[in-house]
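To start, the structure under review is shown below, and the notes come after it.
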Amino acid sequence: MKAIGILLGLLSLTAVSSAQEQADFKPAETNIWGAEYPRVDAAGRVKVRIKAADAAKARVNFWSGPKVDLEKQADGSWEVITPPLVPGLHYYTIIVDGAEFADPGSRAFFGGGRYVSAVEVPEAGADYYAIKDVPRGQVREVWYSSKTTGTWRHALVYLPPGYDTQGKTRYPVLYLQHGGGEDETGWIRQGRANFILDNLIAEGKAKPMIVVMAYGYARRTGQSAVNLPGGPAPATPEARMRTMQEMASTFQADVTDALIPFVDSTFRTIAHREHRAMAGLSMGGFQTFQITLNRLDLFSHIGGFSGAGGLNGRALDPKADFNGAFADPKAFAKKVKLLWLGVGTAEPERMREGIRSFHKSLTDAGIEHVYYEAPGTDHEWETWRRDLRDFVPRLFR
């Protein structure tokens, strides 16, 4: 009888422990409606579970995190609990018997040139990108015709609270670009830029503004599809840089000759360089610097989030690089009201040190700018959300 009592006690403790664990883990806010998995706990651990009764092996691949095997359960499902992940949005895929696919329980996000799963790990005490009970802006889809590419092109446009009711008010514009492998939906679906803007405007920390997020891949008729989503990758780093420069040149023509005129004629903008900004993350940061520094007649505020000059770590030559835009620091300061650089402290060394090197080069050249490091975050959306939160309040002041 004593042995039976001990056994019952152990079973009771196991049940309590299991129930406690179940209570600690909550369905991720990035799940599809009603999906119980993946789940996240307060420490940032993620519990992944899939149904694959006939599988021999299952593995989860977090792109900027752990790659771990799932363990088969008695009911035929597969499960794993990851080590704690840093706060933010984490892309991942599931690999079952060598086949890689998105987790059916997660919403899909466009990243890495395809739709993949992602799980949101909340940042304790951070609500700057949360949905709050404040006046809300609207995000609209637009299509515009581009003679540069010979195609119709797509963009998302954030209109600030009160845009429709304040019919005579005109607004400055921020052109905000996504990174490589992502598209124009990224800043809204992954970055929550609309909520960040809503909250900053409601707190009086940012001026009401229009934000335009355009599809950042562009090629002229007959150009190669290299470096476009789904296209072949360049064979060498030098070829990759040439391709990015070619695409940036085409995208610049699309932005300056098609997109900006469309936006200024469609929305109530203040159509002047003093009220026009551009920023982007990673590839979008590279594009931003290529475009704005070639067309300072159109832009006065510039931001690079984990991407900027494209100098590959070498020192800036103020007289030669960017058509000599940095040659005269005083003249540059009169034209450019804000030059902003940011990077995450946990980003890959090549990227992190490249941005730090560019920051040093600008400092050595006497170019006024703002430099910001997001603590503890990688080449990922939590870094760029923090960047946007710091960048936007500085605009149009």
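Any read-out appearing in this document is the output of simple, stated calculations on the displayed coordinates, not a laboratory observation. All figures in this text were calculated on a predicted structure; none of them were measured in a lab. Cβ sites come from the backbone with ideal geometry, for glycine too, and all protein chains shown count toward neighbours.
For the reader, a short list of remarks on this structure follows.
- Spherically averaged projected area of region 138-394 from its Cα convex hull (nm²): 13.2 nm²
- By the Kirkwood approach, averaging reciprocal distances over each pair of separate Cα atoms, region 82-145 gets a hydrodynamic radius of 15.0 Å.
- Model label sites at GLN245 and LYS147, defined 7 Å from Cα along the beta-carbon direction, differ in position by 2.7 nm.
- Residues in region 76-116 reached by a label modelled at ALA42 [backbone nitrogen below 20 Å; 7 Å Cα→Cβ]: 81-88
- Qualifying lysines (Cα of each under 30 Å from Cα of LYS330; at least 8 residues distant if same chain): LYS205, LYS207, LYS319, LYS360
- On Cα atoms only, tilt of 349-364 relative to the major axis of the chain in degrees: 30 degrees
- Residue separation of ALA327 and ASP133 scaled by 0.36 nm, minus their Cα-Cα distance, works out to 65.1 nm of gained length.
- Here's the picture: charge each Lys and Arg Cβ at +1 and each Asp and Glu Cβ at -1 in the chain, and of GLY112, THR185, PRO84 the one pushed furthest to the positive end of that dipole is THR185.
- Ellipticity estimate at 222 nm from DSSP helix runs (n ≥ 4, -39,500 (n - 2.57)) divided over the chain, nearest 500: -8500 deg cm²/dmol
- Principal axes of region 75-217: Cα extent on each, largest first, Å: 62, 45, 22
- Only Lys, Arg, Asp and Glu carry charge here, each on its Cβ (+1 for the first two, -1 for the last two); on that basis the chain has a dipole of about 1000 debye about its Cα centre.
- Mean Cβ count within 10 Å, highest first, over the residues of peptides 25-34, 163-172, 256-265: 256-265, 25-34, 163-172
- Projected label distance in nm at ARG295 and LYS335, using a 7 Å step from Cα toward the beta-carbon: 1.4 nm
- Nearest-0.05 FRET efficiency for LYS26 and ASP54, computed from C-beta distance (R0 35 Å): 0.70
- Pairwise FRET efficiency - TRP33 versus ASP257, Cβ, R0 = 51 Å, nearest 0.05: 0.75
- Percent antiparallel among DSSP beta bridges (both partners in the chain, rounded to 5): 65 percent
- Cβ crowding within 10 Å, taken as a proxy for footprinting-reagent exposure, orders SER77, SER300, SER64 from fewest neighbours to most as SER77, SER64, SER300.
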